[in-house]
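FYI, it's all coordinate maths here, none of it is from the lab. All figures in this text were calculated on a predicted structure; none of them were measured in a lab. Neighbour counts are summed over all protein chains in view; Cβ atoms, including those assigned to glycine, are modelled from backbone coordinates with ideal geometry.
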Amino acid sequence: MVANVLRLFAIPQISYASTAPELSDSTRYDFFSRVVPPDSYQAQAMVDIVRALGWNYVSTLASEGNYGESGVEAFVQISREAGGVCIAQSIKIPREPKPGEFNKVIRRLMETPNARGIIIFANEDDIRRVLEAARQANLTGHFLWVGSDSWGAKISPVLNLEDVAVGAITILPKRASIDGFDQYFMTRSLENNRRNIWFAEFWEENFNCKLTSSGTQSDDSTRKCTGEERIGRDSAYEQEGKVQFVIDAVYAIAHALHSMHQALCPGHTGLCPAMEPTDGRTLLQYIRAVRFNGSAGTPVMFNENGDAPGRYDIFQYQATNGSAGSGGYQAVGQWAETLRLDVEALQWSGDLREVPASQCSLPCGPGERKKMVKGVPCCWHCEACDGYRFQVDEFTCEACPGHMRPTRNHTGCRPTPVVRLSWSSPWAAPPLLLAVLGILATTTVVATFVRHNNTPIVRASGRELSYVLLTGIFLIYAITFLMVAEPGAAVCACRRLFLGLGTTLSYSALLTKTNRIYRIFEQGKRSVTPPPFISPTSQLVITFSLTSVQVVGVMAWLGAQPPHSVIDYEEQRTVDPEQARGVLKCDMSDLSLIGCLGYSLLLMVTCTVYAIKARGVPETFNEAKPIGFTMYTTCIIWLAFVPIFFGTAQSAEKIYIQTTTLTVSLSLSASVSLGMLYVPKTYVILFHPEQNVQKRKRSLKATSTAAAPPKGEDAEAPK
């Protein structure tokens with residue numbers, strides 16, 4: 001390399017064409033300067049173009065050699081430092097490619113089809129052959145080329161390949177055509193330019209003719225140069241792109257020598273002893289200090305490494321009137337440390353205006369996070385923030401707080417709706433209707449019994465326990481209103497107290513009745529002496545004693561854990577967040593709610609056992625069988641209740657189903673007791689008063705039990 005040789009002799013050098021990045025290394029090439037920017041600036045400009053187009057996944061293509069490999073290396077290094085751009089593949093074209101080598105290059109590029117952007121640092125011939133291979137592979141319009149200054153605005157790389165080149169973006173060091181040079185050069189001839197020893201060779205090639213070595217015409221040439229040919233008239237002429245830089249390089253040396261002469265030889269014409277011989281290091285200092293407007297009107301200067309500023313024009317090869325064959329390069333931007341790119345002026349294959357994508361992965365949609373691919377920072381998989389998670393940022397999903405649920409697109413959280421069983425709910429209508437009818441029926445029965453308190457039917461039914469039982473039935477119906485009412489401290493306290501109180505009171509009375517009948521029957525088998533504790537007072541004491549267990553338990557619970565309402569967001573936290581609801585309810589779990597009824601259910605089971613045992617009592621005890629039927633039916637109701645109540649654990653309407661099931665079951669069990677034990681008696685009292693008289697039936701068995709009924713009660717009344 002010339003720079004290495006000149007460095008040995010401390011001779012400064014100014015290049016007008018060398019752009020290799022390694023020449024910027026002042027420790028190795030300290031006497032080297034250049035008026036063209038290094039390829040590192042070009043690589044920076046290409047990185048800025050890629051980022052401005054929104055591309056983050058590209059491949060590189062380089063001709064083997066210093067220019068191509070250094071350019072790609074600079075591009076890769078700058079893109080890595082800047083971030084946001086990943087290299088899918090870096091492919092090198094051999095100096096002597098084998099047949100099919102360029103088809104192989106295209107196949108390799110298609111291994112990463114999403115990397116449509118191709119960064120090319122290659123010579124003209126390699127560029128042309130790559131475009132040919134892309135056309136042969138039917139990939140016209142697929143690749144988005146970004147070419148270096150070796151492509152620039154030249155026609156030769158794209159000649160007859162215009163359709164493949166449409167959309168290609170190329171860059172070229174900023175330059176201008178020097179009109180004065182054209183005027184001078186186009187007047188040169190063999191006669192007036194003999195001092196240029198290479199001009200005759202240029203003449204032969206430019207006009208496709210032959211000259212003798214002395215400049216005279218050759219006799220054996222098929223086409224002889226006449227010497228009258230004129231540049232630009234008899235041949236095509238286009239100013240070489242580096243003319244500006246050649247002129248600037250010459251002027252840079254001239255300005256440096258002039259400044260050096262003024263400093264070392266003030267007032268002298270020609271060289272003075274201070275400049276004989278000229279010291280290379282001193283001259284280098286003056287070269288690096290040069291600053292003047294060049295032939296194109298742009299400043300010429302050098303940095304500490306001898307590099308000129310980076311200034312580039314950006315072009316795009318565009319079709320004209322929809323025809324690639326008549327297309328050409330259009331200026332679309334500039335780069336001078338920063339990029340100015342007119343994106344709206346860009347055109348792409350297929351006459352598209354929107355910038356095509358060159359991305360490893362498409363952007364994730366709302367509510368999706370990026371799950372990065374290991375080792376490839378520009379590639380990711382989109383993972384939905386499902387369930388109760390929402391998208392915090394592009395990489396993170398987090399769960400919403402317990403009282404919230406994600407928005408429909410999972411980009412944030414919103415409050416979870418709160419529900420309860422309201423008075424206007426369709427679910428509340430059946431329980432409330434049953435409760436109202438039950439209360440009216442119970443009130444009617446109680447009023448009838450009070451009015452006919454001393455009639456045989458009322459007396460035979462056991463007046464005291466009947467009123468207790470009817471009170472329990474009334475409370476069972478009334479609990480429906482507490483279950484539908486909006487939960488609060490007072491409502492929750494009443495629920496705890498009365499939920500099990502009505503059933504406990506009812507089943508305590510029924511158990512006491514059934515037990516009394518059973519004991520009388522069993523005692524009558526052995527003796528005529530009545531069993532103890534069968535008087536009305538004893539029956540009431542037993543009933544209230546059994547009921548007090550429930551009351552004491554509830555009071556202890558109220559004292560240990562004061563009631564309050566809560567919003568339960570877990571109860572209806574369904575798989576689908578859209579169905580999630582917060583439930584406003586009392587602080588009672590399903591099990592504690594059943595626990596309120598547990599004691600009364602135990603009384604019910606015990607009463608059923610006694611009803612079974614007493615099923616064979618004489619007809620004298622006319623309530624034995626109705627009580628038995630009542631308990632059997634009640635057991636069936638509660639057996640049906642359990643699977644319905646606990647089988648709705650994951651239902652979105654759990655609060656409605658469970659509350660409705662519980663209240664309906666309670667009302668049905670109360671209705672069974674009321675209907676089987678008291679409605680027939682009320683019917684007789686009201687519509688058949690002639691049957692409401694005392695009757696006596698005597699038999700041997702009856703005689704043995706005649707003493708059993710307590711005072712004030714009849715052994716038998718009309719059925």
message = Please list 3J(HN,Hα) in residue order for the range 429-437, calculated via the Karplus relation 6.51 cos²θ - 1.76 cosθ + 1.60 where θ = phi - 60°; whole Hz, with x for glycine and proline.
response = 4, x, x, 5, 5, 4, 5, 4, 4
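Can you give me the relative contact order of the range 308-461 as a percent, contacts being Cα pairs under 8 Å and 6 or more apart? Please list the in-between numbers first.
Numbers: 186 pairs, mean separation 15.8, N = 154.
With pairs under 8 Å counted, the relative contact order is 10 percent.
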Interchain or long-range residues, amide H under 5 Å from Lys174's placed H = Arg311, Tyr312, Asp313
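Which whole-number percent gives the relative contact order of the range 437-595, counting Cα pairs below 8 Å spaced six or more residues apart?
Details: 152 pairs, mean separation 35.2, N = 159.
After rounding, I find 22 percent.
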query = In nm, what is the difference between 0.36 nm times the number of residues separating Ser545 and Leu437 and their Cα-Cα distance?
reply = 35.8 nm
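With N set to the residue count of the range 368-415, report its C-alpha Rg divided by 2.2 N^0.38 Å to two decimal places.
Details: Rg = 12.0 Å, N = 48, 2.2 N^0.38 = 9.6 Å.
Compactness ratio reported: 1.25.
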key: Cα-based Kirkwood hydrodynamic radius, the range 189-338, one decimal, Å   = 20.3
message = Skipping prolines and chain starts, which residues have an amide H placed within reach, meaning under 5 Å, of the one on Arg414, given they are 5 or more residues away or on another chain?
response = Arg405, Thr407
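Quote to one decimal, in nm, the extra length available between Glu111 and Met301 on full extension: 0.36 nm per residue of separation minus the C-alpha distance between them.
On the way: separation 190, 0.36 × 190 = 68.40 nm, distance 4.48 nm.
Using 0.36 nm per residue and subtracting the Cα-Cα distance, I get 63.9 nm.
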inquiry  = Rounded to two decimals, what is the ratio between the C-alpha radius of gyration of the chain and 2.2 N^0.38 Å?
reply    = 1.99
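With r defined as the distance between the Cβ atoms of Val605 and Phe395 and R0 fixed at 41 Å, what FRET efficiency is calculated, to the nearest 0.05? Before the final figure, lay out each step's value.
Working: r = 60 Å, r/R0 = 1.47.
The formula returns an efficiency of 0.10 here.
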remark   = In the structure shown, of Lys98/Lys224; Lys104/Lys374; Lys154/Lys210; Lys92/Lys154; Lys210/Lys242, the pairs separated by more than 30 angstrom at the C-alpha atoms are Lys98/Lys224
Percent of alpha-carbon pairs separated by more than 19 Å within the range 118-256 = 65
query = Using the Cα atoms of the range 1-143 to build a convex hull, what is its mean projected area in square nanometres?
reply = 9.5
Normalised convex hull volume, the range 259-316, alpha-carbon set, Å³ per residue = 113
key: Protection proxy ranking of 476-487, 413-424 - average other beta-carbon atoms within 10 Å, highest first   = 476-487, 413-424
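Please report the equivalent ellipsoid semi-axes of the range 475-605, computed as sqrt(5 x eigenvalue) of the Cα gyration tensor, largest first, in whole Å.
Numbers: eigenvalues 334, 45, 24 Å².
Gyration-tensor ellipsoid for the range 475-605: 41, 15, 11 Å.
I need Arg369, Arg291 ordered by Cβ neighbour count within 10 Å, fewest first. Can you show the working numbers first?
On the way: Arg369 22, Arg291 10.
Starting with the residue having the fewest Cβ neighbours, the order is Arg291, Arg369.
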key: the range 27-162 - percent relative contact order, Cα under 8 Å, separation 6 or more   = 25
ask   = To the nearest 20 debye, what is the magnitude of the charge dipole of the chain about its Cα centre, counting +1 on the Cβ of each Lys and Arg and -1 on the Cβ of each Asp and Glu?
value = 6420
message = I need the phi-derived Karplus couplings for the range 467-475: 6.51 cos²θ - 1.76 cosθ + 1.60, θ = phi - 60°, integer Hz, Gly and Pro marked x.
response = 5, 5, 5, 5, 4, x, 4, 4, 5
message = Every cysteine in the chain with no other Cys Cβ under 4.7 Å from its Cβ, please list them in numeric order.
response = Cys494, Cys596, Cys607, Cys635
note = Taking Cα atoms, the helix 654-677 axis meets the longest principal axis of the chain at an angle in degrees (rounded to 10) of 10
request  = Name the long-range amide H neighbours of Leu144: under 5 Å, sequence gap of 5 or more, or other chain; modelled H, no Pro or chain starts.
outcome  = Gly117, Ile118
ask   = To the nearest 10 degrees, how steeply does helix 536-560 sit against the main Cα axis of the chain, on a 0 to 90 scale?
value = 20
ask   = So how far apart, in nm, are the two label points at Thr411 and Val566 if each is 7 Å from Cα heading toward Cβ?
value = 3.6
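Can you give the helix-only mean residue ellipticity at 222 nm for the chain, where every DSSP H stretch with n ≥ 4 adds -39500 (n - 2.57) and the sum goes over all residues, rounded to the nearest 500 deg cm²/dmol?
Numbers: 20 runs with 310 residues, N = 719.
For the chain, the value works out to -14000 deg cm²/dmol.
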query = What is the spin-label model distance, in nm, from Glu132 to Glu22 if the labels are put 7 Å beyond Cα along the C-beta direction?
reply = 3.1
query = So if R0 is 60 Å, what FRET efficiency would Arg51 and Tyr632 give, r being the distance between their Cβ atoms, rounded to the nearest 0.05?
reply = 0.10
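Just how large is the dipole of the range 368-415 about the Cα centre, in debye to the nearest 20, putting +1 at every Lys and Arg Cβ and -1 at every Asp and Glu Cβ? Please list the in-between numbers first.
Values: 8 positive and 6 negative charges, 17 e Å.
Its charge dipole is roughly 80 debye.
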request  = Go through the range 626-632 residue by residue and turn each phi into a ³J(HN,Hα) via Karplus (6.51, -1.76, 1.60, θ = phi - 60°); whole Hz please, and just put x for glycine and proline.
outcome  = x, 5, x, 4, 4, 5, 4
query = Which FRET efficiency, nearest 0.05, do Lys242 and Trp198 yield, Cβ-Cβ r, R0 25 Å?
reply = 0.95
